[in-house]
There are 2 protein chains.
Amino acid sequence: MRAYNFCAGPAALPTAVLEKAQAEMLDWQGKGLSIMEMSHRSADYVAVAEKAEADLRKLMNIPENYKVLFLQGGASLQFSAIPLNLLGKNSKADYIHTGIWSEKALKEAQRYGDINVVEAGTTVDGKLAIKDQSEWNLSADAAYVHYADNETIGGIQFANIPETDKPLVADLSSSILSAPIDVSKFGLIYAGAQKNIGPAGLTIVIVRDDLLDQAKAEIPSILKYSAQAKNDSMVNTPSTYAWYLSGLVFEWLLAQGGVEAIHKANLAKAELLYSYIDSSDFYANPIAKENRSIMNVPFTLAKPELEKQFLKEAEEHHLLNLAGHRSVGGMRASIYNAVPLEGVQALVDFMDDFAKRNA
Amino acid sequence: MRAYNFCAGPAALPTAVLEKAQAEMLDWQGKGLSIMEMSHRSADYVAVAEKAEADLRKLMNIPENYKVLFLQGGASLQFSAIPLNLLGKNSKADYIHTGIWSEKALKEAQRYGDINVVEAGTTVDGKLAIKDQSEWNLSADAAYVHYADNETIGGIQFANIPETDKPLVADLSSSILSAPIDVSKFGLIYAGAQKNIGPAGLTIVIVRDDLLDQAKAEIPSILKYSAQAKNDSMVNTPSTYAWYLSGLVFEWLLAQGGVEAIHKANLAKAELLYSYIDSSDFYANPIAKENRSIMNVPFTLAKPELEKQFLKEAEEHHLLNLAGHRSVGGMRASIYNAVPLEGVQALVDFMDDFAKRNA
């Protein structure tokens, strides 16, 4: 049986998607071979790749003056690719620091340029929050402004898209496709696939046309946005199976009613879990309400010595991967698109039972 | 039904491997989730990853002073990573030029250093061949010597490993695991997975310990061999499903009797196909015998106007992907490890029938 999987990533995929992939694993559409055994330049595969892009464009309402790239290397390789493509020599960028992932991005960028770090973390009534933009020391001459919309480890998320007249660059790895966003507000959006898109090994980059040709120095061809755009993300062999699986996820999302519908479902899941935590004396979430992530819900137990017991019993109830990130400890429930409301209800029921037995 | 798939890459995988992956797609080992839905840091996944590495070490008899890395980005990203890691400022490398892939590697390397291009192509009795090493103009002061063992597009392969006292760097993308090699002769071996290893989206790098810390400048962390080695190829989330599938391929290879056994099978397949081509007036292979690839067999028809007809009829006989690379035309049969002797026999039977009907 399939368990409820709260892993932060690589994360749960829709069961219907895995069933479809399973059914056509050995013989895709009666062609006598697996989709992963096909040339990426074959007509059949190119049609799959193009359909995935078209569906993603539909789901996110991506304007025509943006390219959508299906790349390898993870968001972490984009931490380098972004400054390498967008920063000129001695030029500056603003990086908003709100947690571990935005810190990784800015540390990598510091190898290549003058990075203005905007410390945006604060506390409100003892809870972690993101400072109002009026308190940020943004540069007048930044080539771009970078932020991570949702900090997967901390469970802290921006309530709004930052306002800037500079190109806005966003790491949406753990929030893409969870809620509608206005792509036209961004210069570049990137996301590792392994949360809301598909399996690990694929990275989506959505980049406005005017930012494609900014690379000033010699950078690896594979990292060059202009080269990848010109070659439909096939400067070399892409991660074909991950791309195909992502296409199946996009089809599934469209069948659910698209991003608006999944957003409603995500809000219901988050509301259920947060309101239970808030109502409990046994559990606590450290984030101010306005900045709570709707995807990653960290929580602590009043008796931290029971954490192992909690995880063990949860697993017996088919509730998997609830341990917090190794760097912060505690618990974390990642409730991405593929985690159904029933899964969150089962988690809340278990948490409540566990709390009563251990109060 | 499964066809015989002669695709140059992404290429055929063993049917038994796909069947195993299919069976555990939704529920890996009764854990209630797919292997691709697991954290790469979970004990279950790490065991899968480590087993794959151990099996590859066994298959290739990799000495202990070599690290094995499971990376993303394809061999083409290694075209940049190799000079970025191994070349100091103003330092030199020798690149042996034998075809399209070794040319791509050297063109990328030219962005980062002083590249001495060794033109090693020649003709012998009108057939393409690789010059004897005594005719190469190798540098006295090269940081390393690079070559592509097997040119996937041209179907030309080195008869021997080049001799050098410099670190030898080899692109084995289309020949790795096809025949035994002495890893200790190399400084670094790299290979895209999508021929003899697994699906696209994974790249294997086997690198001698003393070459790990050569990077002189700031290079992306994801490309830095020392960082990847220190983190067991998990500086960030690796291509977990491709890694798992490659592990299944390694298990399959061990069950076949390892690389020695598959090499015998490969020689039999190549002998069958080449000797048929040589015996025919209708087909021709352009490569000198000593340098014929045992993996990629290009051939031409005496009547090139029949190529489309040949491909159409081959497909009707469940013999797929025999068109040559778009840059060279003609035909090409890639007969990697996963293509069985019966597949090559079926191809030869079809070729013979086609030739008789169209002589």
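When only Cα pairs under 8 Å and 6 or more residues apart are kept, what is the percent relative contact order across the range A:257-357?
30 percent.
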message = Among B:Leu138, B:Gly257, A:Ser226, whose Cα projects farthest towards the positive end of the dipole of the protein assembly as shown, with charges put on the beta-carbon of Lys, Arg (+1) and Asp, Glu (-1)?
response = B:Leu138
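Sort A:Phe354, B:Phe6 so that the residue with the fewest other Cβ atoms within 10 Å of its own Cβ comes first and the one with the most comes last. Mind showing how you got there, number by number?
Numbers: A:Phe354 19, B:Phe6 25.
With the fewest neighbours first, A:Phe354, B:Phe6 line up as A:Phe354, B:Phe6.
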message = Students often forget the sequence filter, so: which lysines lie under 17 Å Cα-Cα from B:Lys127 once same-chain residues fewer than 8 apart are removed?
response = B:Lys289
request  = Using a Förster distance of 60 angstrom, determine the FRET efficiency expected from the C-beta separation of A:Arg2 and B:Asp125, and round it to 0.05.
outcome  = 0.45
task = Take the alpha carbon atoms of the range B:187-259, find their center, do the same for the range A:267-304, and report the distance between the two centers in whole angstrom.
result = 39
inquiry  = Using amide H atoms built in the peptide plane, which far-off residues or other-chain residues are under 5 Å from A:Gly121 H to H?
reply    = A:Lys131
key: Size of electric dipole in the protein assembly as shown: Cβ of Lys, Arg +1 and of Asp, Glu -1, about Cα centre, debye, nearest 20   = 400
query = Out of residues 5 or more away from B:Gly324 or on other chains, whose amide H comes under 5 Å of its own, with H placed 1.01 Å from N in the peptide plane?
reply = B:Gly330, B:Met331, B:Arg332
query = Taking springs between alpha-carbon atoms closer than 10 angstrom, which of B:Gly258, B:Gly74, B:Gly329 fluctuates most in the Gaussian network model of chain B?
reply = B:Gly329
message = I need the helices of chain A that pass two filters: whole DSSP H segments spanning 27 Å or more by Cα along the axis, and mean Kyte-Doolittle score no lower than -0.5.
response = A:258-279
query = Which distances, in nm and shortest first, link the B:Glu316 label point to the same label point in every other copy, taking 7 Å along Cα→Cβ?
reply = 6.5
remark   = Taking max minus min of the Cα coordinates of the protein assembly as shown on each principal axis, largest first, gives extents in Å of 85, 55, 50
query = Rounded to two decimals, what is Rg over Rh for the range B:257-357 when you use alpha-carbon atoms and the Kirkwood radius?
reply = 0.95
ask   = What distance in nm separates the simple spin-label points at A:His318 and A:Leu341, each placed 7 Å from Cα in the Cβ direction?
value = 2.0
task = Just tell me which lysines come within less than 23 Å, Cα to Cα, of A:Lys58; anything on the same chain fewer than 8 places away is out.
result = A:Lys20, A:Lys67, A:Lys185, A:Lys195, A:Lys230, A:Lys264
query = Relative contact order of the range B:50-117: what whole-number percent is it, with Cα pairs under 8 angstrom and at least 6 residues apart?
reply = 30
query = Nearest 20 debye, what's the magnitude of the dipole of chain B about its Cα centre given +1 on Lys and Arg Cβ and -1 on Asp and Glu Cβ?
reply = 520
query = Can you work out D for the range A:32-171 in µm² s⁻¹ from Stokes-Einstein, where Rh is the Kirkwood radius over C-alpha pairs, the temperature is 4 °C and the viscosity is 1.567 mPa s?
reply = 75
remark   = Computed Rg/Rh for chain B (Cα atoms; Rh = Kirkwood radius) stands at 0.98
message = Explain nothing, just compute: Karplus ³J(HN,Hα) = 6.51 cos²θ - 1.76 cosθ + 1.60, θ = phi - 60°, for every residue of the range A:159-170 in order, whole Hz, x for Gly and Pro.
response = 6, 9, 6, x, 9, 7, 8, 8, x, 9, 10, 10
ask   = Of A:Val297, B:Val328, B:Val48, how do they rank once you tally other Cβ atoms within 10 Å and put the fewest first?
value = B:Val328, B:Val48, A:Val297
message = How would the range B:129-224 be classified by its alpha-carbon gyration tensor: rounded, prolate or oblate, with rounded meaning a/c under 1.5 and the a/b versus b/c comparison settling the rest?
response = oblate
query = In percent, how large is the relative contact order of chain B, given Cα pairs closer than 8 Å and 6 or more residues apart?
reply = 23
query = Fewest first, what order do B:Leu13, A:Leu69 take by the number of other Cβ atoms within 10 Å?
reply = A:Leu69, B:Leu13
key: Other-copy label distances relative to A:Pro340, 7 angstrom Cα-Cβ extension, nm   = 4.0
query = To one decimal in nm, how far is B:Lys58 from the same spot in the other copies, if labels go 7 Å from Cα toward Cβ? Please give the shortest first.
reply = 4.7
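Every number here is computed from the coordinates shown, using simple stated rules; none is lab data. Here the structure is a predicted model, which is why all the values come from computation and not from measurement. Here Cβ is always computed from backbone atoms with ideal geometry, including for glycine, and neighbour counts include all displayed protein chains.
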